[in-house]
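The values are calculated or read from the model by the stated rules, or taken from the named source; none is laboratory data. Remember, predicted model here, so these are calculated numbers, not experimental data. All Cβ positions, even for glycine, are placed from backbone atoms using ideal geometry, and neighbour counts span all protein chains on display.
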Amino acid sequence: DAGVIQSPRHEVTEMGQEVTLRCKPISGHDYLFWYRQTMMRGLELLIYFNNNVPIDDSGMPEDRFSAKMPNASFSTLKIQPSEPRDSAVYFCASSWTGKAQPQHFGDGTRLSIL
Amino acid sequence: AQKITQTQPGMFVQEKEAVTLDCTYDTSDQSYGLFWYKQPSSGEMIFLIYQGSYDEQNATEGRYSLNFQKARKSANLVISASQLGDSAMYFCAMREDLNSGGYQKVTFGTGTKLQVIP
């Protein structure tokens, strides 16, 4: 079975550019999570969706960040304009509903903003 | 208060020895799930083991076991017979109900970096 698929795997871009990260969750999973990981701040939950509806976006750093889930099989995280401090590894994870359900993580997108 | 606390930023263990990674949690829910994930240096997050709050037996998965002490709100991961490939970051996480709406939320600890010494 295909796992969570994230693209691109690596992104290097200049400050001020728009960045779009993509995620395809595991088919049938109804929860989707976006995380950011840095050495300084560790693993941070940015936003998560249930049945394509955003449930909690309190972790989104600022208005430059936005996330959408137009359908059950696709989500995007957009940063506009990007800044060097946005450099991090961004993970997408999905799961079924249920407190016994683990999250399945994608391989992450390593983002570098110059 | 932190929802998930991992007090050991880093630990060393000799190969073939057992090691315990600590995790304490805070919740007022009666029903919740506890998870451990492994993140090797290659970066992927790997689910290791799950413990339900109503489970009377400690969870085990191969060399991994979870020492669940509900009254103390602790869910420590025990790795037996450590191997060099166990060197990684380990995260404890809890899944519980959100206060409203029938949704769930997941909280991660800050992680423990384990290094296995040959």
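Some notes on this structure:
- Listed conditions (1) surrounded by 15 or more Cβ atoms within 10 Å (Cβ to Cβ); (2) in contact (Cβ under 8 Å) with a residue 24 or more places away in the chain; (3) out of contact with any Asp or Glu (no Cβ under 9 Å at 6 or more places or on another chain) are all met by A:GLY106, apart from (3).
- Condition check for B:ASP55: surrounded by 15 or more Cβ atoms within 10 Å (Cβ to Cβ), assigned to a loop (DSSP other than H, G, I, E, B), over 13 Å from the mean Cα position of the chain (by Cα) and within 13 Å of another protein chain (Cβ to nearest Cβ): yes
- Hits in the stretch B:16-42 - residues which are without any contact (Cβ under 8 Å) to a residue 60 or more places away in the chain and not hydroxyl-bearing (Ser, Thr, Tyr): B:ASP26, B:GLN30, B:TRP36, B:LYS38, B:PRO40
- Annotation: of all residues in the stretch A:64-88 being of a type in the set (Ser, Thr, Tyr) and crowded, with 21+ Cβ neighbours inside 10 Å, the one that is nearest to the other protein chains (Cβ to nearest Cβ) is A:SER75.
- Conditions (1) closer than 20 Å to B:MET45 by Cα; (2) modelled with pLDDT of 95 or more; (3) not in a loop (DSSP other than H, G, I, E, B); number of the one not met by A:SER27: (3)
- All positions within the stretch B:86-118 that are in a loop (DSSP other than H, G, I, E, B), within 24 Å of B:ASP29 (Cβ to Cβ) and not hydrophobic (A, V, I, L, M, F, W, C): B:ASN99, B:SER100, B:GLY101, B:GLY102, B:TYR103, B:GLY109, B:THR110, B:GLY111
- Residue in the stretch B:71-81 that is assigned to a strand (DSSP E or B), β-branched (Val, Ile, Thr), surrounded by fewer than 20 Cβ atoms within 10 Å (Cβ to Cβ) and within 16 Å of the chain's Cα centre (by Cα) present: yes
- Within the option set B:GLY101, B:GLY109, being facing another protein chain (nearest Cβ under 10 Å) and surrounded by 13 or more Cβ atoms within 10 Å (Cβ to Cβ) holds for one residue only, B:GLY109.
- Some residue of the stretch B:62-70 being facing another protein chain (nearest Cβ under 10 Å), surrounded by fewer than 16 Cβ atoms within 10 Å (Cβ to Cβ) and farther than 16 Å from B:PHE91 by Cα: no
The rows are residues; the columns are (1) surrounded by 15 or more Cβ atoms within 10 Å (Cβ to Cβ); (2) in contact (Cβ under 8 Å) with a residue 40 or more places away in the chain; (3) within 14 Å of chain B (Cβ to nearest Cβ); (4) not hydroxyl-bearing (Ser, Thr, Tyr).
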| position | (1), (2), (3), (4) |
| --- | --- |
| A:LYS24 | yes, yes, no, yes |
| A:PHE49 | yes, no, yes, yes |
| A:GLU62 | no, no, no, yes |
| A:TYR90 | yes, yes, yes, no |
| A:GLY98 | no, no, yes, yes |
